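The next block holds one structure in the form of structure tokens; read it before the comments.
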Amino acid sequence: MLKAKLKLTREDGLHARPAALLVALIMKYPGLNVLLEKDGKEVNGRSLTAILTLQGEKGDVIGFTIDGESEDRFWEDLEKTIQGEVIQIEKT
């Protein structure tokens, strides 16, 4: 299991386009469970609608829990996908 926190830096936050990119990336890893968390609310990373309910705005910290096959490879792909989308990445 891998846990990480990402701080959003986009002016428009985690809106539909970057959320859709995230969901598309997660779907490439069928053996992986990805949960996103903000302010105590946890959602499934495979659901665009659920991610949008987090209402991530600039400056918010989004927690990720990544569990399953190819965790490290997924994390590397995630970092490449969101380059410029976050200013702080903390793996825990």
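So what's the net charge close to residue 74: Lys and Arg +1, Asp and Glu -1, counting the other residues with Cβ under 12 Å from its Cβ?
-4
If the cut-off is a Cα-Cα distance under 18 Å, which lysines reach residue 7, setting aside same-chain residues fewer than 8 apart in sequence?
Once the sequence-local lysines are set aside, what remains near residue 7 is 38, 41, 58, 80, 91.
If I stretch the segment between residue 79 and residue 48 completely, what's the gain in nm (0.36 nm per residue apart, minus their alpha carbon distance), one decimal? Working shown, then result.
Values: separation 31, 0.36 × 31 = 11.16 nm, distance 1.88 nm.
Roughly 9.3 nm would be gained on extension.
[x] 33, 28, 17; [y] 33, 24, 23; [z] 44, 27, 27: which one is Cα extents along the principal axes in Å as calculated from this entry?
Answer by label: [y].
Would you please give the residues with an amide H less than 5 Å from that of residue 45, counting only those at least 5 places away or on a separate chain, with H modeled from the backbone geometry?
Result for residue 45 returns 34, 35, 36.
With contacts defined as alpha carbon pairs under 8 Å and 6 or more residues apart, what's the relative contact order of segment 1-86 in percent? It would help to have the intermediate numbers written out before the result.
Working: 149 pairs, mean separation 39.2, N = 86.
RCO, segment 1-86: 46 percent.
To the nearest 20 Debye, how big is the dipole of the chain about its Cα centre, given +1 on the beta carbon of each Lys and Arg and -1 on that of each Asp and Glu?
On the way: 13 positive and 16 negative charges, 26 e Å.
Dipole magnitude for the chain comes out near 120 debye.
Here, each number is a calculation from the coordinates, and none is a lab measurement. Computed from a prediction, not measured in an experiment: that's the story for all the values here. Glycine gets a Cβ as well: all are built from the backbone with ideal geometry, and neighbour counts include every protein chain shown.
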